[in-house]
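A.B. asks: Pasting a structure below so you can have a look.
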Amino acid sequence: MKTELSLRQEDSKVEVSGFEARYYDTLMNLITLGWYPSFIRKAIADLDLKEGERVLDLGAGTGRNALLMQPYLGASGEVLGLEIGEEMQRQFLHKTRAYPNLRLENLRIDEPLPYREEFDRAFISFVLHGFIQERRESIIENVHRALKPGGVFAILDYANFDVGHSPAWVRFAIRKVECPLAEDFIRRDTRAMLEAHGFGEFEENFYMRGYLRLLKAKKLS
């Protein structure tokens, strides 16, 4: 396993392109043997979204998550997706074209964002683990600035666990399929990361035998 000092952003696999990007949703369905669609619907339901809320969707991908959020938010709510992949952007715009309240911006989530206390919620799905720690901290700070007081940051990603003592299929997925940044993320205390940036009042939902987690944290200060 690579050490923290040897990890580079170039080791990440969260920014996809080409064939993988064009068929991303289909590949996710196939790789998970059809499990992913029901899982992501359950996770979106567990966000407890309310009608009229504004949601910042970081690393919005193909628009799949935005479409799942839309019924909870209604016509008076809004999802603003941030995505830099051109192929992902095209899919997002195509899939969400019937919903003017699902919007997209071409912005990197690990660089300073222009939003200040504008959103009720922020959501990031299987993206945060794909950044080196310094950039994860930048993303969390961006979210803190973008949320209204009392707003909720929801992270859907790997839970914190001992990869070395996990079942063989989990070790294989993390160490052979995922990028080295994933295990680094899993080893870190995600709650402590959020607390350092003014978040608290945590809520958790676990999936896949506890190896995946939806962690919700409220902006306290």
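The values are calculated or read from the model by the stated rules, or taken from the named source; none is laboratory data. Just so you know, these numbers come straight off a predicted model, no measurement behind them. For neighbour counting, all protein chains shown are included, and Cβ atoms are generated from backbone atoms with ideal geometry for every residue, glycine included. Remember, those area values only see protein heavy atoms, side chains included, never the ligands or the DNA or RNA. Shrake-Rupley method; radii C 1.70, N 1.55, O 1.52, S 1.80 Å.
A.B. asks: Please specify each residue of the range 129-176 satisfying the condition of being of a type in the set (A, V, I, L, M, F, W, C), under 16 Å from residue 207 (Cβ atoms) and under 11 Å from the mean Cα position of the chain (by Cα).
C.D. replies: 154, 155, 156 - these are the residues of the range 129-176 that are of a type in the set (A, V, I, L, M, F, W, C), under 16 Å from residue 207 (Cβ atoms) and under 11 Å from the mean Cα position of the chain (by Cα).
A.B. asks: Which residues, taken from the range 131-161, are in a strand (DSSP E or B) and either surrounded by fewer than 21 Cβ atoms within 10 Å (Cβ to Cβ) or not small (Gly, Ala, Ser) (or both)?
C.D. replies: Correct list: 147, 148, 149, 150, 152, 153, 155, 156, 157, 158.
A.B. asks: If you scan the range 162-171, which residues turn out to be open to solvent by 40 Å² or more (accessible area, probe 1.4 Å) and either at pLDDT below 95 or outside any helix (DSSP H, G or I) (or both)?
C.D. replies: 162, 167, 169
A.B. asks: Any idea which of 177, 127 is among the β-branched types (Val, Ile, Thr), out of contact with any strand residue (DSSP E or B) (no Cβ under 9 Å at 6 or more places or on another chain) and farther than 18 Å from residue 220 by Cβ?
C.D. replies: On inspection, the qualifying residue turns out to be 177.
A.B. asks: Right, here's the next one. Surrounded by 16 or more Cβ atoms within 10 Å (Cβ to Cβ) and at pLDDT 95 or above: does that describe residue 14?
C.D. replies: It is false that residue 14 is surrounded by 16 or more Cβ atoms within 10 Å (Cβ to Cβ) and at pLDDT 95 or above.
A.B. asks: Okay, moving on. Hey, residue 107 hits all of (1) in a loop (DSSP other than H, G, I, E, B); (2) within 26 Å of residue 212 (Cα to Cα); (3) of a type in the set (A, V, I, L, M, F, W, C) but one; which does it fall short on?
C.D. replies: It fails just one condition, (2).
A.B. asks: Is it the case that some residue within the range 90-98 is in contact (Cβ under 8 Å) with a residue 40 or more places away in the chain and of a type in the set (Val, Ile, Thr)?
C.D. replies: Scanning the range 90-98, I find no residue that is in contact (Cβ under 8 Å) with a residue 40 or more places away in the chain and of a type in the set (Val, Ile, Thr), so the answer is no.
A.B. asks: Can I ask one more? Would you pick out the residues in the range 172-200 that are over 18 Å from residue 124 (Cα atoms) and out of contact with any helix residue (DSSP H, G or I) (no Cβ under 6 Å at 6 or more places or on another chain)?
C.D. replies: If the condition is that a residue be over 18 Å from residue 124 (Cα atoms) and out of contact with any helix residue (DSSP H, G or I) (no Cβ under 6 Å at 6 or more places or on another chain), then 172, 173, 175, 176, 177, 187, 196 are the ones that fit.
A.B. asks: Mind listing just one residue for me: the one in the range 41-82 that is closer than 16 Å to residue 119 by Cβ and among the acidic types (Asp, Glu) and, of those, surrounded by the most Cβ atoms within 10 Å (Cβ to Cβ)?
C.D. replies: That would be 57.
A.B. asks: Continuing with the same structure: Name the residue, out of 128, 194, that is open to solvent by less than 40 Å² (accessible area, probe 1.4 Å) and under 23 Å from residue 41 (Cβ atoms).
C.D. replies: 128
Here is a yes/no grid of residues against (1) touching a residue at least 40 places away in the same chain (Cβ under 8 Å); (2) under 20 Å from residue 68 (Cβ atoms); (3) out of contact with any Gly (no Cβ under 6 Å at 6 or more places or on another chain); (4) basic (Lys, Arg):
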{"residue": "114", "(1), (2), (3), (4)": "no, no, yes, no"}
{"residue": "149", "(1), (2), (3), (4)": "yes, no, yes, no"}
{"residue": "170", "(1), (2), (3), (4)": "yes, no, yes, no"}
{"residue": "189", "(1), (2), (3), (4)": "no, no, yes, no"}
{"residue": "200", "(1), (2), (3), (4)": "no, no, yes, no"}
{"residue": "208", "(1), (2), (3), (4)": "yes, yes, yes, no"}
